[in-house]
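Encoded as structure tokens, the structure appears first; notes follow it.
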Amino acid sequence: MEKLILAVQLARDAVSLFKTLLKDTVPNSTQKEIVEKKFQEAERNFQIAEAEAAQNLGYSICRCTWPPQIMLDTSKEEKEAIFVCPKCKKTEKIVGLIDDDQIDYLRQR
């Protein structure tokens, strides 16, 4: 799953780079508008895929936006995980529902 997230991030970066190149080199036209919309759609799909992959890895997801935000682990205590949304700052605390191996795994991210 780690490699999937990396692949999604790399693909999203590539789309952003192509989008920038297109903006700077291609004159305005109907075709350019169509391609820009496709790039926006691809970026949105990458965000959704990244959120789904993060959720499969045990991260909490905040639905304050669409695509959803990946909540970040800010835990300092053992046997708990405190996730914070980077966008709206909502917190979610999980206590005793995960074991030490899962806590270590989440903290390595």
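Starting from the range 1-30, take each residue that is of a type in the set (A, V, I, L, M) and list its partners that are loosely packed, with under 13 Cβ neighbours inside 10 Å, counting only C-beta distances under 6 angstrom and pairs at least six apart or across chains.
MET1/ASN56
If ASN28 satisfies all but one of (1) outside any helix (DSSP H, G or I); (2) surrounded by 13 or more Cβ atoms within 10 Å (Cβ to Cβ), what's the number of the condition it fails?
With (1) outside any helix (DSSP H, G or I); (2) surrounded by 13 or more Cβ atoms within 10 Å (Cβ to Cβ) applied to ASN28, the lone miss is (2).
Restricting to the range 68-109, name every residue that is part of a loop (DSSP other than H, G, I, E, B) and at pLDDT 90 or above.
Within the range 68-109, PRO68, MET71, CYS85, PRO86, LYS87, CYS88, LYS89, LYS90 meet the criteria.
Inside the range 40-59, can you point out the residues that are among the small types (Gly, Ala, Ser) and within 11 Å of the chain's Cα centre (by Cα)?
Residues satisfying the conditions are ALA49, ALA51, ALA53, ALA54.
The values are calculated or read from the model by the stated rules, or taken from the named source; none is laboratory data. All values reported here derive from a predicted model rather than from experimental measurement. Here the Cβ is made from the backbone with ideal geometry for all residues, glycine too, and neighbour counts use every protein chain on show.
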